[in-house]
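All remarks here apply to the structure that follows.
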Amino acid sequence: MNMPLSIYLDLVRFSAAMVVFLGHASGKLTGGLFWQLQPYLNASVMVFFVLSGYVIGFVAQTKEKTFRDYAIARTSRLYSVVIPALVITLVFDLWGVYRESALYFDSAWPAPNLDVSSFFLSFLMVQSVWGGDAIPGTNVPFWSLSFELMFYLVFACLFYFDGAKKWALAGLAAIIAGPDIITYFPIWLMGFGLYRLHQRGLAVQQTNFIKLCVALIALVLLVKLPPILDQSIWLDLPWVIAPKNVLADYIYATLFSIHLLYVPHILPALTNSLIYLRKPIVFFSSITFSLYLFHRPLIQFFATFYEDKASLESRLLVLGGTFIIILIIGLYCERQKRPIKQRLNNYMEQ
């Protein structure tokens with residue numbers, strides 16, 4: 001993967017995480033600030049799914065060439081953030097309930113699920129299989145981890161194994177995941193397919209100007225459509241258990257995939273700017289996963305400090321306090337991936 005494309009993907013990933021962070025901080029927690037971002041939460045997660053498939057396609061073919069390497073890398077990546085996220089959720093939810101229980105139990109969102117089973121299932125990342133909703137505390141973003149884990153698992157079965165064993169293992173993984181997750185697996189595969197297309201140079205043969213126009217149109221539609229589609233269309237699929245706007249989610253994923261398909265052909269116009277901004281983009285993108293999994297319990301906790309949620313002081317604390325904690329702990333978590341990976345390697349070699 002060339003440098004400009006890698007930087008661009010980092011920028012998109014961090015931007016999507018910021019949309020989720022600010023979208024969850026909108027409404028009552030900040031006195032109506034950033035309410036415009038609410039319709040973009042699901043679209044951002046679809047961007048994550050497509051990016052995940054793309055990046056996994058890259059690492060599976062260039063770095064993690066065996067199932068063992070792949071499993072160790074994915075485990076170290078996930079648990080370096082999942083474990084701290086669960087600790088943060090438990091500590092700050094309990095502390096927040098003690099400070100202002102009404103904000104947790106008498107508000108528009110569901111009351112936090114603080115029972116042991118939800119945290120245990122979330123630790124295993126199976127809280128959303130078969131339409132499950134065992135979200136730990138207030139940490140709503142955890143729902144997507146079951147999807148991500150099962151995408152990794154089904155892909156690994158298909159990619160690293162051969163013959164009948166491949167299909168048997170993939171089928172078993174799909175049964176464990178359930179219909180909801182498998183319904184979204186093609187979105188993840190869009191990213192993998194895009195990587196293969198880029199790798200083989202099989203982008204549609206058109207002039208750069210047309211590619212630029214198509215990429216920009218897809219991006220504009222991705223920005224314009226969520227407020228419209230969020231409420232105007234809904235496709236009830238009989239096999240999907242939990243309520244999800246599947247049709248809208250596929251539209252978001254398709255638009256982003258079209259945009260991503262043509263990005264390598266328009267990057268020459270952005271290369272100088274991306275390289276100039278490379279250090280801050282790479283730095284902030286390194287905490288994307290932490291930003292996604294840490295923010296929700298923190299913003300609600302900090303919202304308990306001021307009665308007037310719309311005050312400047314409250315907004316600065318909710319947004320600034322949350323981001324500073326995420327930055328500090330997220331950077332530490334990022335440094336733990338390699339030691340965890342090394343310990344897993346040592347364990348596997350015994």
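The values are calculated or read from the model by the stated rules, or taken from the named source; none is laboratory data. Nothing here was measured: the structure is a model prediction, and the numbers come from that model. FYI the Cβ positions are ideal-geometry reconstructions off the backbone, even for glycines, and counts take in every protein chain you see.
Just one of the listed residues (270, 277) is touching a Pro at 6+ places or on another chain (Cβ under 9 Å), in contact (Cβ under 8 Å) with a residue 12 or more places away in the chain, surrounded by fewer than 19 Cβ atoms within 10 Å (Cβ to Cβ) and not hydroxyl-bearing (Ser, Thr, Tyr), and it is 270.
Report yes if some residue within segment 288-298 is in contact with a strand residue (DSSP E or B) (Cβ under 8 Å, 6 or more places away or on another chain), modelled with pLDDT of 85 or more and in a helix (DSSP H, G or I); otherwise report no. Looking through segment 288-298, at least one residue is in contact with a strand residue (DSSP E or B) (Cβ under 8 Å, 6 or more places away or on another chain), modelled with pLDDT of 85 or more and in a helix (DSSP H, G or I). Listed by first and then second residue, the pairs linking a residue in segment 139-158 that is touching a residue at least 24 places away in the same chain (Cβ under 8 Å) and outside any helix (DSSP H, G or I) to a residue that is among the charged types (D, E, K, R) and surrounded by 22 or more Cβ atoms within 10 Å (Cβ to Cβ), with Cβ atoms under 9 Å apart and 6 or more places separating them unless they lie on different chains, are 139/93; 139/296. Residues that are more than 24 Å from residue 175 (Cα to Cα) and polar (S, T, N, Q) were ranked within segment 110-139; the one that is surrounded by the fewest Cβ atoms within 10 Å (Cβ to Cβ) is 113. Restricting attention to segment 280-331 and to residues that are of a type in the set (Phe, Trp, Tyr) and buried (at least 16 other Cβ atoms within 10 Å of the Cβ), the residue that is farthest from residue 45 (Cα to Cα) turns out to be 306. Within the bounds of segment 232-244, is there any residue that is in a helix (DSSP H, G or I), without any contact (Cβ under 8 Å) to a residue 40 or more places away in the chain, under 16 Å from residue 39 (Cα atoms) and within 21 Å of the chain's Cα centre (by Cα)? No, segment 232-244 contains no residue that is in a helix (DSSP H, G or I), without any contact (Cβ under 8 Å) to a residue 40 or more places away in the chain, under 16 Å from residue 39 (Cα atoms) and within 21 Å of the chain's Cα centre (by Cα). In this structure, residue 186 does not qualify as surrounded by 18 or more Cβ atoms within 10 Å (Cβ to Cβ) and part of a helix (DSSP H, G or I).
Suppose we filter 96, 53, 32 for residues that are within 25 Å of residue 308 (Cα to Cα), crowded, with 19+ Cβ neighbours inside 10 Å and either under 16 Å from the mean Cα position of the chain (by Cα) or modelled with pLDDT under 95 (or both); which single one remains?
After applying the criteria, what remains is 96.
Screening segment 176-200 for residues that are under 25 Å from residue 124 (Cβ atoms) and among the hydroxyl-bearing types (Ser, Thr, Tyr) and picking the one that is modelled with the highest pLDDT gives 184. In this structure, does residue 264 turn out to be part of a helix (DSSP H, G or I) and modelled with pLDDT under 90? Against the criterion (part of a helix (DSSP H, G or I) and modelled with pLDDT under 90), residue 264 qualifies. Looking only at residues of segment 159-176 that are in a helix (DSSP H, G or I) and touching a residue at least 60 places away in the same chain (Cβ under 8 Å), we find that the one that is nearest to residue 20 (Cα to Cα) is 159. None of 210, 181 is surrounded by 14 or more Cβ atoms within 10 Å (Cβ to Cβ) and farther than 19 Å from residue 9 by Cα except 181. Based on this model, can you work out whether residue 22 counts as in contact (Cβ under 8 Å) with a residue 12 or more places away in the chain and over 30 Å from residue 304 (Cβ atoms)? It is false that residue 22 is in contact (Cβ under 8 Å) with a residue 12 or more places away in the chain and over 30 Å from residue 304 (Cβ atoms). For segment 206-228, a residue qualifies if it is among the aliphatic types (A, V, I, L, M), at pLDDT below 90 and in contact with a Phe, Trp or Tyr (Cβ under 8 Å, 6 or more places away or on another chain), and the qualifying residues are 212, 214, 215.
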